[in-house]
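Note sheet for the following structure.
The values are calculated or read from the model by the stated rules, or taken from the named source; none is laboratory data. Predicted, not measured: the structure shown is a model, and the values here were computed from it. With ideal geometry, Cβ positions are generated from the backbone for all residues, glycine too; neighbour counts draw on all protein chains shown.
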Amino acid sequence: MPKPGRPGARNPGKKKGPLKGTGGHSRKALEGRGPTPKAEDRAWHPAGKRKAAEERYAAAGGKGRPGVRAVGGNPNRKSPKASDDTETVTGRNSVLEALRAKIPATAMYIAQRVEMDDRVKEMLSIATNRGIPVLEVTRPELDRMAGFDGVHQGVALKVPPYSYAHPQDLLEQIIDRGEVPLLVALDGVTDPRNLGAIIRSTGAFGGQGLILPQRRSASVNSAAWKTSAGAAARIPVALAANLTATLKEFKKQGVFVLGLAGDGDVALPSLELADRPVVIVVGSEGKGLSRLVTETCDQVVSIPISAATESLNAGIAASVALYQVSTLRASL
């Protein structure tokens, strides 16, 4: 009696299948149906449906992307091409302030069936008068433009990259207007939402501008625009090649440098320099002020807080300091 083989093992001595030829049926079955078609070539696939829609749209003489149509104006106007060097400003306050400030926008996007309040009506009026293309898009398209956590409120505006001022020019312009400088400098603040909040607070409490270092700093991007609620269109932001050197130069011109730190030498309510030209330096929430910047400060100021709270967010700390300085100035 033959020994049983291993379960599942093939006996090479025994031929499997029919002894007669099958006409190559098995070989043809192995050949399959050829290579898998691309997604865009499959009619039932979303990519295929999108391609078909684009072909129908092009055949009808359409311009731009399907699902995006011009609102008013010349129907033959070409939609502006998307570009990586532009920023998308979202939110009704931010878009309206950018339009009021005459930021050279290239296109305005508005969601289908958007609620038409007074702000939206003013946006449309300004955009029409300035010849800015107004395009109606779907809400999913606006969601994509606004980003992962963007809140667009049904409107968006394409603007060129932010144009930074030079720190020295910013200071001279303030002095030429006969104003007492109140500036904010950021040292290691990398969150654009913190930057946007500080821009907003600077405008609210009488500040005239901000100074950012070129390295290790947030930039004025779409997130900063949104958080600033449009203040980025009014409050200039300067870019310093070297923040420490810029602060030292400001000191030579009579500007006092005040750093914010939890272990500061002077409590904010006891500040005696509020009526002088000042620049308030805000450090990162984690590391605080850098060593070189701390050594450059005329005073390091602390904000009294409850012992149960370790520290304040950079945006909140800047707001408290700006409020205190503006209040002290108003009482003089």
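Quick notes on this structure:
- Every listed requirement among (1) at pLDDT below 90; (2) more than 26 Å from Ile103 (Cα to Cα); (3) β-branched (Val, Ile, Thr); (4) crowded, with 18+ Cβ neighbours inside 10 Å is met by Val220 save one, (2).
- With respect to the conditions (1) more than 26 Å from Arg92 (Cβ to Cβ); (2) of a type in the set (A, V, I, L, M, F, W, C); (3) out of contact with any Gly (no Cβ under 6 Å at 6 or more places or on another chain), Leu210 falls short on a single one, namely (1).
- Listed conditions (1) closer than 30 Å to Glu295 by Cβ; (2) in contact with a helix residue (DSSP H, G or I) (Cβ under 7 Å, 6 or more places away or on another chain); (3) not β-branched (Val, Ile, Thr) are all met by Gln153, apart from (1).
Yes/no matrix, rows are residues, columns are (1) at pLDDT 80 or above; (2) among the acidic types (Asp, Glu); (3) in a loop (DSSP other than H, G, I, E, B); (4) under 27 Å from Tyr162 (Cβ atoms):
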site	(1), (2), (3), (4)
Gly64	no, no, yes, yes
Lys78	no, no, yes, yes
Ser83	no, no, yes, yes
Val95	yes, no, no, yes
Leu99	yes, no, no, yes
Asp143	yes, yes, no, yes
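- All strands (runs of 3 or more DSSP E) inside the stretch 145-217 with 2 or more residues being farther than 22 Å from Ala261 by Cα: 155-159
- Scanning the stretch 261-284 for residues that are of a type in the set (D, E, K, R) and without any contact (Cβ under 8 Å) to a residue 60 or more places away in the chain gives Asp263, Asp265, Glu272.
- Remark: pairs (first residue in the stretch 135-150, over 19 Å from Ala223 (Cβ atoms); second residue of a type in the set (Ser, Thr, Tyr) and modelled with pLDDT under 75; Cβ separation under 8 Å; 6+ apart in sequence or on different chains) = Leu135/Ser79.
- Subset of the stretch 101-112 that is in contact with a Lys or Arg (Cβ under 9 Å, 6 or more places away or on another chain) and either of a type in the set (D, E, K, R) or buried (at least 19 other Cβ atoms within 10 Å of the Cβ) (or both) - its residue that is farthest from Ala232 (Cα to Cα): Ala111
- Close pairs (9 angstrom Cβ cut-off, 6 or more residues apart or separate chains): under 15 Å from Ile280 (Cα atoms) in the stretch 297-323, assigned to a loop (DSSP other than H, G, I, E, B) and of a type in the set (S, T, N, Q) anywhere: Ala317/Ser311
- Number of the condition not met by Gly283 [criteria: (1) small (Gly, Ala, Ser); (2) at pLDDT 85 or above; (3) at positive phi]: (3)
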